[in-house]
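The values are calculated or read from the model by the stated rules, or taken from the named source; none is laboratory data. A quick note: this is a predicted structure, and the numbers were derived from the prediction, not measured. Here the Cβ positions follow ideal geometry from the backbone for every residue, glycine too, while neighbour counts run over all protein chains shown. Protein only, heavy atoms only, side chains kept; ligands, DNA and RNA dropped before computing areas. Shrake-Rupley method; radii C 1.70, N 1.55, O 1.52, S 1.80 Å.
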Amino acid sequence: MRTPDTGAVPDSRARAAVRRHGPVLALFGTLKLTGFCSFMYLLSSTGDYRGKHPRFGGGAHAWDVLATWDGWWYQQIALHGYDPKLVPVPGATGLITLEGNSAAFFPLYPALMRLTSAVTGLGPYGAGMLVSVVASFAAALGIYAVAERFGGRRAGLAAAGLWAVWPGSGVEWAVYSDSLYVALAAWACHAVLTRRWLTAGVLTFAAGLNRPTAGALIAALAAAALLNLRRAEDGVLRPMLAMVLAPLGLFGYLLWVGNRMGDLGGYFKLQSGAWAHSFDYGKQTLDVLTSVPVGKFDYLFAYPFADVISVGVILLACALLPLLLRLRPPAVLVVYTVLTLALVLGSQQIVANISRYLLPCFPLFLPLAVALRRLSLPVLCALLGIAALASGSYAGYALFELGVP
């Protein structure tokens, strides 16, 4: 009697996974590497980073720039942990009245940096880059999985490719938490679409430990769960557990920071007092939108070249939103996208950052991805390849050297 080959099924599944996901990872990785090399070439050819402070877009080598700005803070947290406090700047009367500290940066990404460093022996820079790169591939797969449900495999490939070249995508391979957040958000949305409620709740919980805009994802999961309860499709327990679990990461961190600071609203006071970042119902965004088109740059935190790109991204997002709604996507994608847009565009902030802050709005890729699926694969790759080459400037250099990411 022939002995059953117990390794046949796992091996078959592995081959199927490679056939399914291999092209996505290959396309995304090729596009990102193209954009990354273009970015490094621009940095090296100009050499401006050599005259800048190592914390603020400078360093001894071009690649050091990838761990500056927010990346410096994440490295400090990975090395030394947190010290939440509200410390007034002596005699300050302007926008910046508090000294900045690490509590403004959420803990999941630096915790993974520290774990990766302990496992691999890499320093905080290498560990942060490794986490970001791996997370960017996970995000590409999640975006592919969501888009595939709307337009098939070709649309999924297009959406993953758009994630690689989108304005602001320069931070995807940097010591920044954006790739990790998008990976969690994309797979959380996919889990809701496939009605895996506990998975969606856990991923949303984790996203809440990574970025404050996870509030949009929490609300989106809640809206989808309530609709599911109304239709009585998956019972009561799992959707309810997902709704209870989802906000614990975000609220838990905010409460912990508030408790350590002795002020429950301490996180928001720190953001406002140390970074001049607050919700102003879109006042500053409107100011920029009415100033940049007429060549005026006298508004708060003006970075002309980067701001022109950000205005273009805002207008593109506003144009893509009705096209997304025309596809009649599920509630989780609509609520998530609309609230993310509202949180970003309704805030006072460095407008040059908006191209990065809107990276999580991956459902906006869907109308473009569905349209691009009509192209042959060589034409699609050629178009995305040109965009990847250009992204070294508009998505990388414009943020790190001509603005503040």
Tally of residues being more than 17 Å from GLN348 (Cα to Cα), assigned to a helix (DSSP H, G or I), open to solvent by 70 Å² or more (accessible area, probe 1.4 Å) and not hydrophobic (A, V, I, L, M, F, W, C) across the stretch 280-327: 3
Any hit, the stretch 253-265, residues being in contact (Cβ under 8 Å) with a residue 60 or more places away in the chain, buried (at least 17 other Cβ atoms within 10 Å of the Cβ) and outside any helix (DSSP H, G or I): no
Residues that are assigned to a helix (DSSP H, G or I) and closer than 16 Å to PHE105 by Cα, drawn from the stretch 167-181: VAL171, ASP178, SER179, LEU180, TYR181
Residue match in the stretch 302-317 (condition: over 16 Å from the mean Cα position of the chain (by Cα) and more than 18 Å from TYR394 (Cα to Cα)): no
Residue selected from the stretch 98-131 under the condition in contact with a helix residue (DSSP H, G or I) (Cβ under 8 Å, 6 or more places away or on another chain), modelled with pLDDT of 95 or more and not in a helix (DSSP H, G or I), by the criterion most open to solvent (accessible area, probe 1.4 Å): LEU122
Unique residue being under 20 Å from the mean Cα position of the chain (by Cα) and either open to solvent by 40 Å² or more (accessible area, probe 1.4 Å) or of a type in the set (Val, Ile, Thr) (or both) when the list is VAL87, VAL65: VAL65
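Every residue, every condition in (1) among the polar types (S, T, N, Q); (2) in contact (Cβ under 8 Å) with a residue 24 or more places away in the chain; (3) within 21 Å of LEU402 (Cβ to Cβ), yes or no:
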residue	(1), (2), (3)
GLY22	no, no, no
SER45	yes, no, yes
PRO54	no, no, yes
ILE77	no, yes, no
Filtered residues of the stretch 335-358 (kept if of a type in the set (Val, Ile, Thr), open to solvent by 20 Å² or more (accessible area, probe 1.4 Å) and at pLDDT 95 or above): VAL335, VAL338
